[in-house]
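K.L.:
The structure is given below, and queries will be raised subsequently.
Read-outs throughout are calculated quantities, based only on the coordinates presented, and are distinct from any laboratory measurement. The structure displayed is predicted, hence computed values, not measured ones. All Cβ positions, glycine included, derive from the backbone under ideal geometry; neighbour counts span all protein chains shown.
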Amino acid sequence: MKRYILITNIWGRKADKIYGWNYKDPTRNNIVCDEERIEFDTMEELNEHLQLFQDFCSTFNKAERKDHYNDVWLHGDHNRYWSYNDRFEFNTPNDRAWGWLIADREKLSWTWGGEKLREYDNRSNKLILKDKLFRGPDEIPKNYKWDDGEYDGWLRFRWGDGKNAVGYEDNKKHKVVAKEEIIEDDFDYDEYETIGEEIEDQYAKIEEKETYKRLENRW
């Protein structure tokens, strides 16, 4: 795998193969999205491809942004949700929205451009994005079927705080117990806490490796 990832999206509405473009009600034309994911060794290579992508996008009409939420009343409660299909007005067959994401595997970071991606933007779950971008090809078997709630657990274990890992114990609790057991004397507390934290970190890393191996064997 290469260091840099470029994901590009171009989306809009497509005319029906039989009936053609519905001019009376453009929303009846299906939404289509062309996505491309390419990896690069250097940012110079990536930027060259990105420039070609932007040149190609300039051949389309830029869709008008709507920016509105859908209002829903359920059991007397008012809720608002965002619909990605409703972010733009696609009134002609040549109207398009486009954007891209650049990710860095070493830093586990990413940046957006254009209209971002059709189904991902700043409101998206950061752990899901990390999983989509950085998960290794052999970490989870292909076409693995997740049980209810299992994927959320994986996200937290792999990309979050890891507190759902087997054998995890809160280091803060250990620090409190350690302080209570020490008798007041000339003992160097600062040095003791520093050594204790180093030992805890070592054990935490060992537990994380053992837990990860158990998960690999399980899946």
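K.L.:
How many nm separate the modelled label positions at THR27 and GLU139, each set 7 Å beyond the Cα in the direction of the Cβ?
P.N.:
Simple spin-label model gives 3.8 nm for this pair.
K.L.:
Could you derive backbone 3J(HN,Hα) for the range 121-134 from the dihedral phi with the Karplus parameters 6.51, -1.76 and 1.60 (θ = phi - 60°), listing whole Hz in sequence and x where the residue is Gly or Pro?
P.N.:
Karplus-based 3J(HN,Hα) across the range 121-134 equals 7, 5, 8, 6, 5, 5, 5, 5, 4, 4, 5, 5, 8, 10 Hz.
K.L.:
According to a simple spin-label model (label point 7 Å from Cα along Cα-to-Cβ), what is the distance in nm between ARG3 and PHE56?
P.N.:
Simple spin-label model gives 2.5 nm for this pair.
K.L.:
For ALA63, list long-range residues whose amide hydrogen, built 1.01 Å from N in the peptide plane, is under 5 Å from its own amide hydrogen.
P.N.:
Amide H neighbours of ALA63, under 5 Å, 5+ apart: ARG96, ALA97.
K.L.:
In whole Hz and in residue order, list the ³J(HN,Hα) couplings for the range 46-63 that follow from phi through the Karplus curve 6.51 cos²θ - 1.76 cosθ + 1.60, θ = phi - 60°; x for Gly and Pro.
P.N.:
In residue order, the calculated couplings are 4, 5, 4, 5, 4, 5, 4, 4, 5, 5, 5, 5, 5, 7, 9, 7, 6, 5 Hz.
K.L.:
While we're looking at this one, here's another question. Determine the alpha carbon to alpha carbon distance for each of LYS107/LYS145; LYS2/LYS142; LYS62/LYS142; LYS24/LYS62; LYS17/LYS116; LYS14/LYS66 and list only those over 27 Å.
P.N.:
Over 27 Å Cα-Cα: LYS107/LYS145; LYS62/LYS142; LYS17/LYS116.
K.L.:
So, one more: Output the peptides 115-125, 146-156 sorted from most to least packed, where packing is the average of other Cβ atoms within 10 Å over each peptide's residues.
P.N.:
Ranking the peptides 115-125, 146-156 by packing returns 115-125, 146-156.
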